[in-house]
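Inspection log for the structure reproduced underneath, given as C-alpha cells.
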Amino acid sequence: MTIFAVYNLKGGVGKTASAVNLAYLSARGGARTLLWDLDPQGAATFYFRVRPKVKGGARRLVRCPKQLDGKIRGSDFDGLDVLPADFSYRSLDIELHEAKKPARRLRRLLDPLRSSYDHVVLDCAPGGSLVSDAVLEAADVLIVPTIPTPLSLRTLALLVKHVRNGIDDPPRVVSFFSMVDRRKAMHRDICNDPRARAVGFCRAVIPYSSVVEQMGIHRAPLPHTMPRHRLSVAFGELWAEILAAASSDEDGKPPAPKRVRRMLDDAIHPERRGA
Amino acid sequence: MEIEKTISAVRILDAEGKTVVHLHLERGRAGEPGAEADRHAVPAVIRVVPVKGYDGALARVVGMLTDKMDAQRLADDELALAMHAAGRRLDDPSKVDTRLDPACPAGTAMRTLHAALLEIVVRNEPGTRTQVDTEFLHDFRVTVRRIRSALGQVKGVFPEADRARFAAEFKWLGDATGPARDADVFLLKLPAYRAQLPEHSRNDLEPLAGFLERRREAAYRELVAALDSKRYARLVEDWRAYLASPAVPDETAPLADRSIREVASARIRSVAKGVLKKGTAIDDDTPAEALHRLRIRCKKLRYLLDLFRSLYDADEIARLVRALKKLQDNLGDFNDCEVQQDWLTESAREMTAEGTAPVETLLAMGRLEDRLDLGQRKERQRFGRRFAAFATRDTRDRLRRLFAPEGGPRP
C-alpha cells in the first residue's frame, strides 16, 4: 500500500481539487484507492457528496483504530472509497497529542487497511501542525502543488528543509506547478526554470481554470465530468509522473533546500537572468 | 435452455445526490434456443448491492422492498453474498439486542435470550457452509459459545435434565466448528508470518500454506457434514420448540421464578469475585497455567456481561466491559502466542510425516516460533500492570454497586 499526501503549508494552491482528481485517476487505473480528507473544511468530502460527519469525531478516530473501517464510505466511482472529514478535525492536533506517539499514530491507523487498498491519498489541511508532521511521517510520497510565485518557492524551500531534517522517515517529495497562468511572465519564467526538474517538479503542469471551481457544482472529479478538457488531460499526465516517481528505484531523498532557494533567488531577481 | 436477461441499473440517491444503494433489476425470458416467440418470463430479481458505509440506507431500501413492494426476500445467503461483495455485514452479530425487563422471571427471560442467540446461529449458517467469508464461521462459533456459556453459567433456571442434555448437544456442535475455525485463523496469519521472515526466506512458507489449505478443506468437509446431519437439524428444531414452550415448575429449577436481574446479578457477582481473587494471586513466578485459567474466567464474566447488558445502566456496563476487554486482550495475546507455537510444531510434525516439509520450511517455522515465544514473554510481563488497571478501586466499587443483591449492598 502506498500512501500519497497532497500537502502544502500554503492554502488556496489547489490541494483539494488535486487530491480529488488524482485519487479518481488512481482508482480508474485499477488501484483500490482510499481518499482520506483530513481538512476540517471537508471540501474533498463535499466533492464526493459524502456527508461531513464522522461518528465520535476526531477523538474516536484517533483512539479507536478498529473503528476506522466503519467510517469509510464508498464513493460513486469504482474502486474509490472516501474517509470523510468533519468539523471536529479542528482538534485532531490535540487528539494526536494526547494519544501516545502522535507522529506514528497516523501511520498505525492506516496499517489495518493494507490489505484493502493499494493507494491511500491524504488531503491535508494547510498550515503546519502536529497533524501535518504526522502526515509527513506516514506518507510514502508527498505531493506539493505549488503556484509559480516567489512566495510559494520560499514556502517550498521551508517545507523541503523540514522534511529533510525534521522527519525520521521522510517521504519522496514530488512537486508540481499548480494554477499556472501562462499569460503571466513570472509564472512562465518560474515554470521554465531549468532547475525545476532537479528540484522535483513534474513536467506536467496544471493550468489555472475556472472549471476547477465548477467542480463544486458538478460535485464529481473533473476527469469524470469532463474527460477531454485540457485540465483533465493534464491531471492524467501528472498522475502518470507521480506513479512513476513513486515506484522509481532511484534514491528518494527530498531535494536540497538550497537548490530550491536558488530557484527562488532567480525568481526574485529576474534582472539577473541571462540573455 | 436459453435465458435472456435484461439488467437495468438503478441508483438510490440521498439528499446530497450521493448513490447510497445500487439496485440491479433483472428481467429474464427463458425458452428453447431458436424458439424466440415461445419464451416464458423468469421471475424478476432485484439484486440489492450496498455501498460501503451506508448500512442505514440499505436497511431502509430492503425494508421498503419487502414491506411496501411485497418483494420476496431470497434466501439469506444470496443477500449475504451481495453484502460480502461490497465488504459489509448485514448486522453486527456479536450484539445480542434483546432488551430484558429486570423483573421478568428468569425462566422466561432466559428463553427469550436463547431464542435470539439461536436465530443468530441459524442466520450465520449459510455463510458458514459456503465459506464466503471466514467471519460467518467465526460468528457462528462465537454464538454457539455464548449459548453454551449461558447454559453452563446460569443453572437452576431450566430443569437440570433438559439443561444438561442441550448443553451436551451444543458442546458437540461447538467442537464440530473447532478444526475449521482453527484452520481459518492459522491461514489468516500467514501474511503476517511472511512479513516477519527475512526477505530471502519468505517463500519457504509455501509448503506450509499448501498443508494448511488441505487441512482447511478437510476440516470444512467435516463441518458441512455436521451441519447436514440429522443430529444438527434435530438440535435446532428441538431447542426452538423447547424455548417456545412455557416453563413447567420443576424442583431442579428453583430459580425459574426469581427475577432475571436477581439471578444474573448473583451469577455475575460470583464470577467477578473469582476473577479478582485468582487474578490478584498471580505474581511473576506463577506458572502459565494460572493465566490460562484466568483467561477462561474472564471470558465467562464477559459473556455474562454481554448477555445481561440490558438489565443494567448502559454507561456503567460499558465502562466495565472496556476495562475487562483490556485485560482479556492481554490474556488472549498471551494464550494466542502459545497456541500458535503449538500449531506450528504440530504442523511441522505432520508435514514431516507426509514428506511435504523441506528443511527450509521447518527452519522458517522454527524462526516464527521463536518470535512467538518472545511475544509471549512480553505479554506475561505486561500482565501485572494490566490486571492492576482492571482491578482498581473504581472497578470493584462498580461491580459492587451494579450487582448488589436485592435488599441492599452487602457490607
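The values are calculated or read from the model by the stated rules, or taken from the named source; none is laboratory data. Computed from a prediction, not measured in an experiment: that's the story for all the values here. Here the Cβ is made from the backbone with ideal geometry for all residues, glycine too, and neighbour counts use every protein chain on show.
Summary of computed values
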item: Matching residues in the stretch A:161-205 - criterion: being farther than 16 Å from residue A:4 by Cα, among the β-branched types (Val, Ile, Thr) and part of a helix (DSSP H, G or I); result: A:190
item: Residue in the stretch A:113-122 that is among the hydroxyl-bearing types (Ser, Thr, Tyr), more than 26 Å from residue B:54 (Cβ to Cβ) and surrounded by fewer than 17 Cβ atoms within 10 Å (Cβ to Cβ) present; result: no
item: Scope the stretch A:52-65; condition more than 13 Å from chain B (Cβ to nearest Cβ) and buried (at least 18 other Cβ atoms within 10 Å of the Cβ); matching residues; result: A:58, A:61, A:62
item: Residue that is nearest to the chain's Cα centre (by Cα), among those in the stretch A:13-56 that are touching a residue at least 40 places away in the same chain (Cβ under 8 Å) and at positive phi; result: A:14
item: Unique match (being polar (S, T, N, Q) and free of Cβ contacts under 8 Å to residues at least 60 places away in the same chain) among B:259, B:270; result: B:270
item: Matching option when the condition is within 24 Å of residue B:313 (Cβ to Cβ), surrounded by fewer than 18 Cβ atoms within 10 Å (Cβ to Cβ) and over 12 Å from the mean Cα position of the chain (by Cα), among B:108, B:130; result: B:108
item: Single match in B:290, B:247, B:266 (criterion: under 30 Å from the mean Cα position of the chain (by Cα) and over 30 Å from residue B:387 (Cα atoms)); result: B:247
item: Lone unmet requirement of (1) within 14 Å of chain A (Cβ to nearest Cβ); (2) part of a strand (DSSP E or B) for residue B:29; result: (1)
item: Verdict on residue B:65 being over 29 Å from residue A:83 (Cβ atoms), more than 14 Å from chain A (Cβ to nearest Cβ) and modelled with pLDDT of 85 or more; result: yes
item: All positions within the stretch A:66-96 that are surrounded by fewer than 21 Cβ atoms within 10 Å (Cβ to Cβ), within 30 Å of residue B:329 (Cβ to Cβ), more than 8 Å from every other protein chain (Cβ to nearest Cβ) and not charged (D, E, K, R); result: A:67, A:68, A:88, A:91, A:94
item: Test: residue in the stretch B:162-173 that is part of a loop (DSSP other than H, G, I, E, B) and away from chain A (no Cβ under 14 Å); result: no
item: Boolean, residue B:324 is in contact with a His (Cβ under 9 Å, 6 or more places away or on another chain) and either closer than 18 Å to residue B:211 by Cβ or surrounded by 14 or more Cβ atoms within 10 Å (Cβ to Cβ) (or both); result: no
item: Scan of the stretch B:349-361 for residues that are touching an Asp or Glu at 6+ places or on another chain (Cβ under 9 Å), under 21 Å from residue B:182 (Cα atoms) and assigned to a helix (DSSP H, G or I), ordered by number; result: B:361
item: Residue in the stretch B:348-360 that is surrounded by 19 or more Cβ atoms within 10 Å (Cβ to Cβ), among the polar types (S, T, N, Q) and in contact (Cβ under 8 Å) with a residue 24 or more places away in the chain present; result: no
item: Evaluation of residue B:174 against (1) surrounded by fewer than 19 Cβ atoms within 10 Å (Cβ to Cβ); (2) under 30 Å from residue B:262 (Cβ atoms); (3) in contact (Cβ under 8 Å) with a residue 40 or more places away in the chain (one fails), failing number; result: (3)
item: Residues (surrounded by fewer than 19 Cβ atoms within 10 Å (Cβ to Cβ) and in contact (Cβ under 8 Å) with a residue 60 or more places away in the chain) located in the stretch A:194-205; result: A:195, A:198
item: Lone qualifier among A:49, A:28 - being away from chain B (no Cβ under 11 Å) and not polar (S, T, N, Q); result: A:28
item: Selected residue (only one of B:22, B:40 is within 14 Å of chain A (Cβ to nearest Cβ), in contact with a strand residue (DSSP E or B) (Cβ under 8 Å, 6 or more places away or on another chain) and not small (Gly, Ala, Ser)); result: B:22
item: Of residues in the stretch B:191-205 being free of Cβ contacts under 8 Å to residues at least 12 places away in the same chain and not aliphatic (A, V, I, L, M), the one nearest to the other protein chains (Cβ to nearest Cβ); result: B:191
item: The stretch B:17-40, residues that are exposed (fewer than 14 other Cβ atoms within 10 Å of the Cβ) and within 29 Å of residue B:53 (Cα to Cα); result: B:17, B:25
item: Qualifying residue in the stretch A:97-115 (condition: within 14 Å of chain B (Cβ to nearest Cβ) and over 29 Å from residue A:223 (Cβ atoms)); result: yes
item: Some residue of the stretch A:119-134 being free of Cβ contacts under 8 Å to residues at least 60 places away in the same chain and part of a loop (DSSP other than H, G, I, E, B); result: yes
item: The stretch A:211-249: number of residues that are surrounded by fewer than 15 Cβ atoms within 10 Å (Cβ to Cβ), aliphatic (A, V, I, L, M) and over 17 Å from the mean Cα position of the chain (by Cα); result: 2
item: Condition broken by residue B:410, with the remaining ones in (1) over 18 Å from residue B:274 (Cβ atoms); (2) at pLDDT below 90 satisfied; result: (1)
